[in-house]
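Notes follow once the structure below has been shown.
The values are calculated or read from the model by the stated rules, or taken from the named source; none is laboratory data. Computed from a prediction, not measured in an experiment: that's the story for all the values here. Glycine also receives a Cβ, built like all others from the backbone with ideal geometry; neighbour counts cover every protein chain displayed.
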Amino acid sequence: MGEPESLAVDEPLAAHLQRHAVDRLLMLSDGVFAISVTLAALEIHLPEGAVTLSGLAGAVAAPLVAYLLSFLAAALFWLRHRDLFARLRRVDGVLTGLTLALLCLVALVPVAVSGVAHHHGGAAYFGFYAVVMMGSGLLNALAWVYGAARPGLMHDHVPAADRWLRGGEALLLPLLFVPALFVPVADLPRVLLWLALALAVVRRGVLPALARRIGG
């Protein structure tokens, strides 16, 4: 599963249709992720004319931070998405719908970065950016949870504890963008640092034990 489709493969029709559905959805996903992060980088515009290094840093600080956070989050979303599809034996309509909804929001990342870049990190534009990133992470996590819970989607040899651990990890990432909806932009670095530390503790201590308990 997950390899580029070949018409030369000799297999029963049912197996061919399953592989076709997984392959095409995976290829579409990779393309949307790649185009999204590339277009987001194009929203960073250097000021014209002679400027000092400090002036240049100040001019691109907001869009650059937004882009770097977007790239980091998109990379983590993609890694979770890749890990999920590596464990799937087939996809169904619900998982396809969740993936398409995720790609819909991922495609909005350049628009969100553009709002932050062109309006100097205004609260409303930064809030929209946070909603896009948080929604992308939530849909990614829902796809993982559904794939773990729905019988027959994942390969039988994937341990239940591994399924739920990775699903829990995916659920943690959207939480990083919640403060951006309520905390002033200037205070975000400090708040995000403490939140990231708290989530790291949950990831290392709470999730493994909970995943083992759920997995039986």
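Residues in the stretch 179-195 that are at pLDDT 85 or above and in contact with a Leu (Cβ under 8 Å, 6 or more places away or on another chain): Leu195 only. Of all residues in the stretch 22-68, exactly one satisfies the criterion of being in contact with a helix residue (DSSP H, G or I) (Cβ under 6 Å, 6 or more places away or on another chain) and either loosely packed, with under 13 Cβ neighbours inside 10 Å or farther than 22 Å from Val106 by Cβ (or both), namely Pro47. If you go through the stretch 84-100 one residue at a time, do you hit one that is of a type in the set (Gly, Ala, Ser) and closer than 21 Å to Phe177 by Cβ? No - not one qualifying residue is present in the stretch 84-100. Applying the condition of being of a type in the set (D, E, K, R) and closer than 19 Å to Gly137 by Cβ to the stretch 168-216 and asking which residue is surrounded by the most Cβ atoms within 10 Å (Cβ to Cβ) yields Glu169. Taken across the stretch 104-126, residues that are buried (at least 23 other Cβ atoms within 10 Å of the Cβ), part of a helix (DSSP H, G or I) and under 10 Å from the mean Cα position of the chain (by Cα) do occur, with at least one present. Of all residues in the stretch 127-148, those that are touching a residue at least 40 places away in the same chain (Cβ under 8 Å), over 30 Å from Ala160 (Cβ atoms) and surrounded by fewer than 20 Cβ atoms within 10 Å (Cβ to Cβ) total 2. Pairs linking a residue in the stretch 155-168 that is touching a residue at least 40 places away in the same chain (Cβ under 8 Å) to a residue that is of a type outside the set (S, T, N, Q) and assigned to a loop (DSSP other than H, G, I, E, B), with Cβ atoms under 7 Å and 6 or more positions apart or on different chains, are His155/Arg89; Ala160/Gly216.
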